[in-house]
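Derivation of every value follows stated rules applied to the coordinates shown; laboratory data play no part. None of these values were measured; they are calculated from a predicted model. All Cβ positions, glycine included, derive from the backbone under ideal geometry; neighbour counts span all protein chains shown.
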Amino acid sequence: MISSASFVALRHRNFRLIWVGLFLSFTGSMMQNAALLWHVSLLVPPERKGLALGLVGLVKVAPIMTFSLISGVVADAWDRRKVMLVTQLAATAVAVALAVLTLRGLTAVWPIYALAALGAAVGAFDLPARQALLPSLVPRDHLPNAISLNTIMFQTAAVVGPSLGGIVIATGGVAWVYLANAISFSAVVAALLLMRNPPERQPADTGARGEDVSFRAALEGLRFVFRSPLIRSTMLLDFFATFFSSATALLPIFAQDVLRVGARGYGWLYAAPAAGAVVTSAVMVPMTERIQRRGPTLLWAVFGYGIATVIFGVSRSFWLTFFCLAMTGATDTVSTIIRNIVRNLETPDRLRGRMTGVNMFFFMGGPQLGELEAGAVANWLGAPFSVISGGIGCLVCTTWVAVATPALRHYRRETSDATAAVP
């Protein structure tokens, strides 16, 4: 039974506002992510479909790699709330541009790639500011609960978004998905404007004044991450799992050519990982603070992610495929919650934006590069082989990280809480 203590972070007004706003915005973004892949699959010849879908990941990862370090510095040096206001408005403009071009009869794929890259650049600045802002909206002892609630909020949006996206694509077309996403960003803008006494960046907190957005500050964040074996190993796990097991880009192929379930079936398959994640998140919310062996739990979760991916690649049944995708979401949720707890508890507030910026190389670069790798392998050897080999690669790399990082294997709740760096 879930008690009121499971939602303790929502008692804080500012956190509650941004939590609801982000849910609406993420729902729209998940609709758009699914629509982008479907749109690309419709605009290219069948023989180029796998590679074309993989290129969506490439055009997204390039701006992430380019801006991740500087965006982390910006999040630590400037007012995080104001940075988010700018990024939300910029993301709205990208979605509107996609909708307008599509309604005017877009037939070339390159404008979609260009706008996807621009959206990724905006996201590269939004994410560090958002993740660094959220812990300052709740007291330190409510932070694990806030992280769990954010996870279930995100995963619920990831279920609702693609499912709605599949319905909208089938009934009205992808342009209406883009328009819905543009409208959804207004929820976050409203939440940010309605905050009372929002946290402000102070020189004492940042370690640098607002104008100190420099290479030196970026190096400080890099040194912090790579000198911390716990944070470094969680980032490596994230990268390897998502690089080798990033099969989302291939779902249009499975829906159209392998399972033959059409746009509606595609929407459900796209939402399946999040469906498993929502159920797991609901279980994790009251359990998060009671998990003692956090390191082993994290490793087993990523290992389970790889196994589910292998079975997904073998499956030719819609419901078995749906179940395997749901299990990838379930195991990834356990992994995500524990990784975020580790990083937030082990990182001082003044470095939190830069830590998130470095982390973008891993948790956003991994899946985007993985989509390119999966698309290229699928183009040459078939989508099932691409998924199966990726799952095996995930298992091998998880074993290597576990063997190479004893601190992670022995990481426990009492150790992390006793040494927590959150002010």
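Assorted remarks:
- At an R0 of 51 angstrom, the distance between the Cβ atoms of Ala404 and Ala170 translates into a FRET efficiency of 0.60.
- Label sites at Leu43 and Val100, each approximated as a point 7 angstrom past Cα along Cα to Cβ, lie 1.6 nm apart.
- Among Ala129, Ala301, Ala93, residue whose mean-square fluctuation peaks in a GNM of the chain (springs only between Cα atoms under 10 Å): Ala93
- Label-zone membership for region 243-268, site Ser317, 7 angstrom Cα→C-beta point, backbone N under 12 Å: none
- Calculated FRET value between Leu381 and Phe226, using beta carbons and R₀ = 41 Å, to 0.05: 0.70
- Computed over region 97-196, the quotient of the alpha carbon radius of gyration and 2.2 N^0.38 Å is 1.32.
- Between Trp300 and Trp110, the modelled label-to-label distance comes to 5.2 nm, taking each label 7 Å out from Cα in the direction of the beta carbon.
- Overall shape: prolate for region 256-408, with the ratio a/c of the largest to smallest alpha carbon gyration tensor axis at 1.5 or above and a/b above b/c.
- Counting every other Cβ atom within 10 Å of each residue's Cβ, Arg316, Arg350 order from fewest to most as Arg316, Arg350.
- Ranking of Phe7, Phe363 by count of other Cβ atoms within 10 Å, fewest first: Phe7, Phe363
- Helical segments meeting 24 Å axial Cα length and Kyte-Doolittle -0.5 threshold in the chain (DSSP H): 13-43, 49-77, 80-103, 110-133, 143-171, 174-194, 262-287, 294-314, 318-346, 383-404
- Within region 15-46, backbone nitrogen closer than 15 Å to the virtual label 7 Å beyond the Cα of Asp257 toward Cβ: 38, 40-46
- Burial order of peptide ranges 181-189, 79-87 (average beta-carbon count within 10 Å, highest first): 181-189, 79-87
- Fluctuation leader among Ser25, Ser315, Ser281 - the chain, Gaussian network, Cα springs under 10 angstrom: Ser315
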